Amino acid sequence: MRERRAISCSMAEGEEFIELRFRLYDGKDIAHGTYKSSMTVSTLKQKIVAEWPQGNTITPKSINDLKLIHAGKVLENNQTLADCTITIGDLPDDVITMHVLLQPSKSKRRTVKSKEDMQKLNRCGCIIL
């Protein structure tokens, strides 16, 4: 049985660091780097939005458009990397891959329709004699 280790990629002056990369839906990896274990998921998402590849048809407008997934779990914005109980994968040099799911928020615009437009849509009428 394979042993699972908790976070402990490297230590510097008492601070734990984790090496992460983020895989997009098209298989590209972005924002590969070493991050403090005290960093929050929302801070990671800000970095991903800033480093999003130009030229993609769909791009995130804010961190709310992104979901980070690790080990089958969606990570919450207020969690730190240490809170996520991240485990080291099978990759060389203990690099952890997180998957990035992009779900652009739906437009919350309301269309104002005139009375005439509403009547065109509702062509049915009743006549009571």
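The values are calculated or read from the model by the stated rules, or taken from the named source; none is laboratory data. Owing to the predicted nature of the structure, the values given are computational and were not obtained by experimental measurement. With ideal geometry, Cβ positions are generated from the backbone for all residues, glycine too; neighbour counts draw on all protein chains shown.
Kindly list, by first and then second residue, each pair from a residue in the range 39-67 that is under 16 Å from residue 25 (Cα atoms) to a residue that is surrounded by 13 or more Cβ atoms within 10 Å (Cβ to Cβ) and of a type in the set (Phe, Trp, Tyr), limited to pairs with Cβ atoms under 6 Å and residues at least 6 apart or on different chains.
So the pair list comes out as 48/22; 59/52.
Residues checked against (1) closer than 18 Å to residue 21 by Cα; (2) at pLDDT below 60; (3) outside any loop (DSSP other than H, G, I, E, B):
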| position | (1), (2), (3) |
| --- | --- |
| 84 | yes, no, no |
| 89 | yes, yes, no |
| 109 | no, yes, no |
| 112 | no, yes, no |
